[in-house]
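My questions will all concern the structure given below.
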Amino acid sequence: SMGDVDVLASYLTNDLNGTIGAFYSIPWGQGRISSYTAWDGAEIKAPTSKRTLNGVSYYELSSGAELAYLAKTGGHWLNENYILTADIYLNETLPVWDQDGNCLNSDVLNLWHPIGDDEAPFTGVLLGNGFSVNGLYAAGSEHENQGLFGVISGGRIDGLSIRYAYVS
């Protein structure tokens, strides 16, 4: 149990050839997360709260809308420092995939726009602070570089867990 969210971890299984492969992300309650904790796939919100650690100022990120703001706004936001203050859920339903790596529920998932690209890379710092980004779905050919971040140049990501993710 993770607070208000109950989710079983993704399982890795040995296939008949002895290799390890992803085999279904198995969520409780049909993979639904409390809707108030999950990003709706559209809202973006500029982070406003800040904290100082060792003389360095960090914007606090506690929601998918704040994380999406970085991805969709770019500009000077790609050069700032950030710290997570909560687990962030990018989808109300977690990605589920088969043993061949195919996403089985892409029709109900919010497609993620990566943070940073070749023309405007992420150059800041993101501290996970013991929290995770969950339910990332990044797929298709719209972006050359898929993932939570598209391109990082001179930036740093520390202590961040990405869980229940599907990237292709």
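The values are calculated or read from the model by the stated rules, or taken from the named source; none is laboratory data. Just so you know, these numbers come straight off a predicted model, no measurement behind them. Ideal geometry is used to build each Cβ from the backbone, glycine not excepted, and the neighbour counts take in all protein chains shown. Accessible surface areas use protein heavy atoms only, side chains included; no ligands, DNA or RNA. Shrake-Rupley method; radii C 1.70, N 1.55, O 1.52, S 1.80 Å.
Matching residues to (1) hydrophobic (A, V, I, L, M, F, W, C); (2) open to solvent by 60 Å² or more (accessible area, probe 1.4 Å):
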| residue | (1), (2) |
| --- | --- |
| W112 | yes, no |
| G124 | no, no |
| N134 | no, no |
| R156 | no, yes |
| Y166 | no, no |
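Residue-wise test of (1) at pLDDT below 50; (2) of a type in the set (K, R); (3) surrounded by 16 or more Cβ atoms within 10 Å (Cβ to Cβ); (4) assigned to a strand (DSSP E or B).
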position	(1), (2), (3), (4)
L12	yes, no, no, yes
L16	yes, no, no, no
S35	yes, no, no, no
K45	no, yes, no, no
T48	no, no, no, no
Y58	no, no, yes, yes
A65	no, no, yes, no
I83	no, no, yes, yes
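Please go through the stretch 79-100 and give me each residue that is touching a Ser or Thr at 6+ places or on another chain (Cβ under 6 Å) and closer than 22 Å to D158 by Cβ, ordered by number.
N79, T85, A86, D87, Y89
Checking I115 against (1) touching a residue at least 12 places away in the same chain (Cβ under 8 Å); (2) out of contact with any Leu (no Cβ under 8 Å at 6 or more places or on another chain); (3) among the β-branched types (V, I, T), only one condition comes out false. Which one?
(2)
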